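The values are calculated or read from the model by the stated rules, or taken from the named source; none is laboratory data. All values derive from a computational prediction rather than experimental measurement. FYI the Cβ positions are ideal-geometry reconstructions off the backbone, even for glycines, and counts take in every protein chain you see. Accessible surface is based on the protein model in full, side chains and every heavy atom, while ligands, DNA and RNA are left aside. Shrake-Rupley method; radii C 1.70, N 1.55, O 1.52, S 1.80 Å.
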Amino acid sequence: MSNSSSFKEFLLQAFADTRQLQLLHFWLFLGIYLAALLGNGIIITAIACDHRLHTPMYFFLLNLSLLDLGTISTTVPKSMANSLCNTRAISYWECAAQVFHFTFLFSTEYSVLTVMAYDRYVAICRPLHYGTIMSSRACVKMAAAAWASGFLYGLLHTATTFSIPLCQGNVVEQFFCEIPQILKLSCSHAYLREVGALVLTLCLVFGCFIFIVLSYVQIFTAVLRIPSEQGRHKAFSMCLPHLAVVSLCVSTAMFAYLKPPSLSSPALDLVVAVLYAVVPPTVNPLIYSMRNKELKDALKKLVQLLLLQQQ
């Protein structure tokens with residue numbers, strides 16, 4: 001990834017100029033980060049330790065929690081360290097690593113969410129064939145395909161972005177190395193290669209989104225045909241958390257990358273980046289555990305086991 005630029009570091013956007021607000025930002029992000037680590041860590045531990053949760057739905061949820069941990073760990077710790085040390089600098093290679101890991105993990109998460117929509121569709125619309133279609137081997141293959149495609153996307157975008165000569169300075173107007181903000185630093189017309197890669201990605205993202213929407217149209221059609229109210233409630237409780245996570249992920253990311261330039265401002269871009277890069281990994285564990293009785297029971301069992309070990 002050669003680059004004709006002479007500088008060896010980027011300057012990230014600071015959340016605040018005064019020392020008091022910088023420390024406030026540090027403590028706020030520290031609380032959010034610890035909440036994300038705790039929530040996702042508990043879900044991973046509960047699924048791994050409880051054999052009743054060794055099903056396709058929870059296997060993909062475990063993958064989602066791992067991705068959430070990776071995503072928030074890519075952006076938040078560096079921003080916290082900069083606020084604590086009163087600096088804005090990030091090295092060229094740290095920035096490249098941040099772009100790769102964030103793109104890799106975020107695109108993999110979206111692929112996993114698409115696979116989870118298919119899992120819910122098979123469970124509700126084709127229950128008699130669920131064990132055959134969603135076998136352990138098939139689930140591992142789908143998860144591996146999601147991780148592999150995310151890795152390739154991350155590699156593609158990182159290589160393309162950092163092969164572009166940068167002529168507009170080294171100030172990135174974001175709290176982490178975000179591709180659209182780096183492209184603003186590129187030389188005239190040199191960014192078209194990365195724009196082509198982004199357009200290809202958007203087409204694939206839109207295709208996955210249409211697949212998720214069509215899956216849920218068929219899911220809700222099937223659910224409404226269920227005669228018992230208890231059956232409908234159980235089906236909705238299985239699907240609504242996933243639908244909420246998809247909506248949060250897609251809406252914030254689409255607004256961040258597709259909003260018109262007239263709406264763009266440093267403050268708004270900063271808020272939107274927090275909404276799609278920091279908030280989902282933190283609230284996803286809460287969304288999935290709120291109405292999930294099996295997961296709640298597993299968490300209670302895990303807490304009781306920990307308390308017994310301490311006595």
- request: Choose one answer from 133, 42, 226: the residue with the largest mean-square fluctuation in a GNM of the chain with alpha-carbon springs under 10 Å.
  value: 226
task: Arrange the residues 294, 9, 229 by how much accessible surface each exposes, largest first, with a 1.4 angstrom probe.
output: 229, 294, 9
message: Could you work out [θ]222 nm for the chain from helices alone, using -39500 (n - 2.57) per DSSP H run of at least four and dividing by all its residues? Round to the nearest 500 deg cm²/dmol.
response: -26500 deg cm²/dmol
field: Degrees between helix 266-277 axis and first principal axis of the chain (Cα, 0 to 90, nearest 10)
entry: 30
query: Which FRET efficiency value, to the nearest 0.05, do you get for residue 73 and residue 234 by plugging their Cβ-Cβ distance into 1/(1 + (r/R0)^6) with R0 = 35 Å?
result: 0.50
message: Given a 1.4 angstrom probe, I'd like the percentage of the accessible area of the chain that is carbon and sulfur, rounded to a whole number.
response: 69
Rounded to 10°, Cα long-axis angle of helix 229-258 versus longest principal axis of the chain: 10
task: Return the single residue from 128, 61, 155 with maximal mean-square fluctuation; model: Gaussian network over the chain, springs between Cα atoms under 10 Å.
output: 128
task: Determine, at each q value in 0.09, 0.13, 0.16 (inverse angstroms), the log₁₀ of I(q)/I(0) that the Debye formula gives when each Cα of the stretch 116-246 is one equal point scatterer.
output: -0.44, -0.73, -0.89
task: Could you order peptides 267-275, 300-308, 77-85 by the average number of other Cβ atoms within 10 Å of their residues, highest first?
output: 77-85, 267-275, 300-308
Unmatched cysteines, the chain - criterion: no other Cβ of a Cys under 4.7 angstrom: 49, 85, 125, 139, 203, 208, 239, 249
query: With the other protein chains left in place, how much accessible area per residue, in square angstrom, belongs to the chain at a 1.4 angstrom probe?
result: 50
- request: Please work out the ratio of the alpha-carbon Rg of the stretch 1-135 to 2.2 N^0.38 Å and round it to two decimals.
  value: 1.40
message: Taking R0 as 25 Å, what FRET efficiency do you get between residue 84 and residue 171 from their Cβ-Cβ distance, rounded to the nearest 0.05?
response: 0.75
- request: Output the relative contact order of the chain, whole-number percent, from Cα pairs under 8 angstrom with separation of 6+ residues.
  value: 27
